[in-house]
Amino acid sequence: MAEELKIGCARPTGGPVGETVEVKESEPESLAKEVTAMIKVGKKAPDFTAPAYHKGKFISVKLSDYIGKWVLLCFYPGDFTFV
Amino acid sequence: MSVDSVFVHKMWDENELSKMVKGGVPFPMLSDAGGKVGTVYGIYDEDAGVETRGRFIIDPDGVIQGYEVLTPPVGRNVGETIRQVQAFQLVRNSKGTEATPSGWKPGKITLKPGPDLVGKVWEVWKTEMAFD
């Protein structure tokens, strides 16, 4: 499911993928409102890829690879932030 | 998922989390540099440059069934999240014929919405059932 990442000096990065996050370069102001409004219960979760640390390895995770499973996606302010 | 790099995730897991959870964190710890994914999910705090405590329940079709967002100083209730997943799984397995009333948890009664139940919930479900 998840491919292992080749690690160099640059920090691996990911980001949104797929049709739901098309960015119109000319309208940066409206973007935040548009994308925020896309999150609704009963609607598709926006797809993304993200580098990840998992059991000693660095991998690339894609949300849509988890179709068929229940997913809990948890965001938090940062590592070592106490709670 | 946080804005930290995977390298910091590794250090946190090895140096602290593995001392709380045997074997370390069992699931992938995702990195979201710049909060790009968090922005799309509406939980990235641009002023602070961090993600807030957003939690999304996504079903096997990739559909968001529920979410919760907390500001940084208050931690989540994992038991409540698991209860919600159990409730959504029950509803899905029933193909939408059953619904879980307030305070439902495994073992408590579910309701079968339909014409016969209209105005009759009070007969089968009591408010005490909303509490543990």
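The values are calculated or read from the model by the stated rules, or taken from the named source; none is laboratory data. Since we're looking at a predicted model, the values are computed, not measured. Quick reminder, even Gly has a Cβ in these numbers, built from the backbone with ideal geometry, and neighbours come from all protein chains shown.
Some points to look at:
- Taken together, A:VAL83, A:VAL23 contain a single residue that is more than 7 Å from every other protein chain (Cβ to nearest Cβ), modelled with pLDDT under 95 and not in a helix (DSSP H, G or I), which is A:VAL23.
- Residue tally, condition without any contact (Cβ under 8 Å) to a residue 12 or more places away in the chain and of a type in the set (A, V, I, L, M), over the range B:55-74: 3
- Taken over the range B:82-132, the residue count meeting the criterion of being β-branched (Val, Ile, Thr) and within 24 Å of B:PRO60 (Cβ to Cβ) is 6.
- Listed by first and then second residue, the pairs linking a residue in the range B:97-114 that is closer than 14 Å to B:VAL85 by Cα to a residue that is of a type in the set (S, T, N, Q) and at pLDDT 95 or above, with Cβ atoms under 7 Å apart and 6 or more places separating them unless they lie on different chains, are B:ALA99/B:THR110; B:THR100/B:THR110; B:TRP104/B:THR110; B:PRO106/B:GLN86.
- Residue count for the range B:3-37, restricted to those that are loosely packed, with under 13 Cβ neighbours inside 10 Å and not in a helix (DSSP H, G or I): 5
- Here A:ALA2, A:ALA52 are screened, and the one residue that is within 30 Å of B:ALA87 (Cβ to Cβ), within 15 Å of the chain's Cα centre (by Cα) and at pLDDT below 85 is A:ALA2.
- A:THR36 in contact with a strand residue (DSSP E or B) (Cβ under 9 Å, 6 or more places away or on another chain) and either surrounded by 15 or more Cβ atoms within 10 Å (Cβ to Cβ) or at pLDDT below 80 (or both): no
- If you go through the range B:47-98 and pick out every residue that is surrounded by fewer than 14 Cβ atoms within 10 Å (Cβ to Cβ), of a type in the set (Asp, Glu), more than 8 Å from every other protein chain (Cβ to nearest Cβ) and in a loop (DSSP other than H, G, I, E, B), you end up with 1.
- Against the numbered list (1) more than 13 Å from A:LEU73 (Cα to Cα); (2) touching a Phe, Trp or Tyr at 6+ places or on another chain (Cβ under 6 Å); (3) not aliphatic (A, V, I, L, M), B:THR127 comes up short only at (2).
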